[in-house]
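For reference, the structure discussed in these notes is given below.
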Amino acid sequence: MRKEKFRPQFHFTPQANWMNDPNGMVYYEGEYHLFYQYHPQSTVWGPMHWGHAVSTDLIHWNHLPIALYPDSLGYIFSGSAVVDWKNTSGLGTRENPPLVAIYTYHNIEGEKAGRNDYQSQALAFSLDKGRTWSKYEKNPVLPNPGIRDFRDPKVFWYNETNKWVMILAVQNRVQIYSSSNLKEWSFESEFGVDRGAHGGVWECPDLFPLEVEGSTIKKWVMLVSINPGGPNGGSATQYFIGDFDGKSFHSDVDTTKWLDWGMDNYAGVTWSDIPEEDGRRLLIGWMSNWQYAQEVPTESWRSAMTLPRELKLVQEKDDIIIVSNPIKEFEVLKEQHQKDSETLLSGEVPIDIKELDLKSCELNFVFEPQEASQNGHTTAYGILLRNDKEEVLKLGYNMLSKKFFMDRTNVYKAFSNSHYLSLVTGDYDIQNQVKMKIIIDAASIELFVDDGKFVMTNTVFPQEPFNQLSLFSSLGSVKILEAEFYNIKSIRAK
């Protein structure tokens with residue numbers, strides 16, 4: 001597995017066949033559970049199951065048998081999982097609380113017949129730490145009221161009302177339901193008809209509280225994925241920050257915010273039941289895009305997950321934004337440190353990468369633009385990755401347009417269709433220094449700018465691995481204040 005072309009060395013992938021959305025992420029008795037949309041008979045989408053893996057550190061994963069199989073009610077679409085600590089459902093005991101999965105049934109026959117009520121919400125439970133699962137005998141617990149695209153339940157316990165809350169994707173909005181026992185649900189409110197992006201169907205919502213860093217202010221964060229309609233086309237995840245009272249969510253602002261400006265971080269949701277003493281809000285996303293997910297040039301498997309990330313809220317000028325960064329556990333994989341001295345860069349300069357493996361590495365830079373010839377600024381600066389096939393990937397920041405870019409159109413041209421484009425992001429005004437963390441793993445690049453204030457995740461499939469690294473500065477000079485490189489150890493079996 002370690003030597004398969006394009007197989008990530010430190011991102012989660014299925015052992016074989018098709019994977020998409022992460023599902024049912026929950027922490028229980030020392031284990032992080034990751035379920036995922038899975039088709040065990042093919043490398044393209046088909047009848048959905050819940051694949052399953054567990055980890056004690058979110059980095060090294062143990063693959064387990066399929067947790068949920070399709071049945072007469074339909075395919076097993078996306079959803080969430082919780083620990084029912086108080087046994088409100090009656091499916092376990094106080095001494096052995098059940099793990100409860102809440103998922104969408106997708107009735108393919110109903111869809112083909114042109115009906116609108118082919119998606120409904122259902123339960124399954126486990127009493128043995130998630131090793132075996134039983135479906136609730138009275139499924140579905142939330143029947144469809146006659147609405148297409150009625151799916152992806154994310155459930156959490158809300159202490160103030162002593163009830164469970166479900167946020168559900170419903171066409172171009174979300175709906176919120178409540179329950180005292182996970183089995184019987186009451187409609188509370190909806191959000192989003194006049195907020196956010198509406199270029200496609202809303203999917204995979206999440207809703208959780210976070211304190212603004214350095215304060216005691218608590219805000220609620222809503223994540224909603226959309227396909228299509230992302231800032232670079234295809235799939236992406238937007239977010240809203242506001243207040244929630246157990247029934248209704250109210251957004252602070254009307255503008256659309258994006259969790260990740262790349263094309264390959266979709267359907268990301270957060271883990272349930274992280275212990276209070278940990279206190280982090282941890283997310284993982286599907287590292288692909290529906291515009292080309294079924295065409296990527298892998299063979300025995302398709303798709304990977306992003307690195308797990310910690311989400312935080314920070315005050316940025318007059319706004320509150322999400323920052324996301326790789327989890328601290330990722331640090332254990334770093335090795336072979338290389339540090340280059342401060343230098344002034346103009347034009348293109350090759351970097352002696354010594355023992356650095358560009359297939360599996362982390363690159364850290366601090367750039368400081370200098371005086372330049374156009375509008376008083378260097379027009380663009382960043383990095384170039386090359387291989388012996390003369391494929392080139394260009395990543396950087398344009399100071400005139402105030403946009404980051406990642407140009408992958410010169411990499412694997414057989415896959416460079418109209419969707420596989422030069423990615424350009426929204427405005428990000430940098431006056432002085434900019435810090436970039438670039439994590440490369442076989443077929444993906446994750447960019448974290450200024451400690452996660454700006455994030456961009458993209459897949460890339462070079463015919464041969466990149467083996468040359470250069471820095472560039474256009475129409476001016478830029479000072480490299482810091483340059484640190486790490487090789488990343490593989491989690492794959494040799």
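The values are calculated or read from the model by the stated rules, or taken from the named source; none is laboratory data. Note that the structure is a prediction, hence the values are computed from the model and not measured. Quick reminder, even Gly has a Cβ in these numbers, built from the backbone with ideal geometry, and neighbours come from all protein chains shown.
Summary of computed values
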item	result
Any hit, region 50-72, residues being in the same structural domain as Pro140 (by TED's automatic domain parsing), closer than 23 Å to Ile167 by Cβ, more than 18 Å from the chain's Cα centre (by Cα) and surrounded by fewer than 18 Cβ atoms within 10 Å (Cβ to Cβ)	no
Residue list for region 131-143, restricted to those being in a loop (DSSP other than H, G, I, E, B) and of a type in the set (Lys, Arg)	Arg131, Lys138
Sole residue being surrounded by 14 or more Cβ atoms within 10 Å (Cβ to Cβ) and part of a loop (DSSP other than H, G, I, E, B), chosen from Asp117, Asp128	Asp117
Candidates Ile176, Ile147 - the one that is surrounded by fewer than 16 Cβ atoms within 10 Å (Cβ to Cβ), within 22 Å of Tyr105 (Cβ to Cβ) and either at pLDDT 95 or above or touching a Lys or Arg at 6+ places or on another chain (Cβ under 9 Å) (or both)	Ile147
Search result, residues across region 180-225 that are free of Cβ contacts under 8 Å to residues at least 24 places away in the same chain and in a strand (DSSP E or B)	Ser186, Phe187, Glu190, Lys218
Thr270 vs. criteria touching a residue at least 12 places away in the same chain (Cβ under 8 Å), out of contact with any His (no Cβ under 6 Å at 6 or more places or on another chain), under 20 Å from Gly30 (Cα atoms) and polar (S, T, N, Q)	yes
Top-ranked residue in region 16-42 [being in contact with a Phe, Trp or Tyr (Cβ under 9 Å, 6 or more places away or on another chain) and of a type in the set (Ser, Thr, Tyr); ranked as surrounded by the fewest Cβ atoms within 10 Å (Cβ to Cβ)]	Ser42
Wholly within region 313-430, strands (runs of 3 or more DSSP E) carrying at least 2 residues that are β-branched (Val, Ile, Thr), modelled with pLDDT of 80 or more and within 22 Å of the chain's Cα centre (by Cα)	319-326
Residue count, region 459-485 (criterion: out of contact with any Leu (no Cβ under 7 Å at 6 or more places or on another chain) and under 20 Å from Lys3 (Cα atoms))	5
Residues being under 24 Å from Glu299 (Cα atoms), among the charged types (D, E, K, R) and in contact (Cβ under 8 Å) with a residue 24 or more places away in the chain - total across region 1-59	5
Members of region 466-490 found to be surrounded by fewer than 16 Cβ atoms within 10 Å (Cβ to Cβ) and part of a loop (DSSP other than H, G, I, E, B), listed by number	Asn467, Lys489
Any hit, region 321-340, residues being farther than 22 Å from Leu282 by Cβ, surrounded by fewer than 19 Cβ atoms within 10 Å (Cβ to Cβ), among the basic types (Lys, Arg) and touching a residue at least 24 places away in the same chain (Cβ under 8 Å)	yes
Filter result (at positive phi and either assigned to a loop (DSSP other than H, G, I, E, B) or surrounded by fewer than 23 Cβ atoms within 10 Å (Cβ to Cβ) (or both)) within region 243-283	Gly246, Asp273, Gly279
Residue tally, condition farther than 24 Å from Tyr158 by Cα and surrounded by fewer than 21 Cβ atoms within 10 Å (Cβ to Cβ), over region 196-208	5
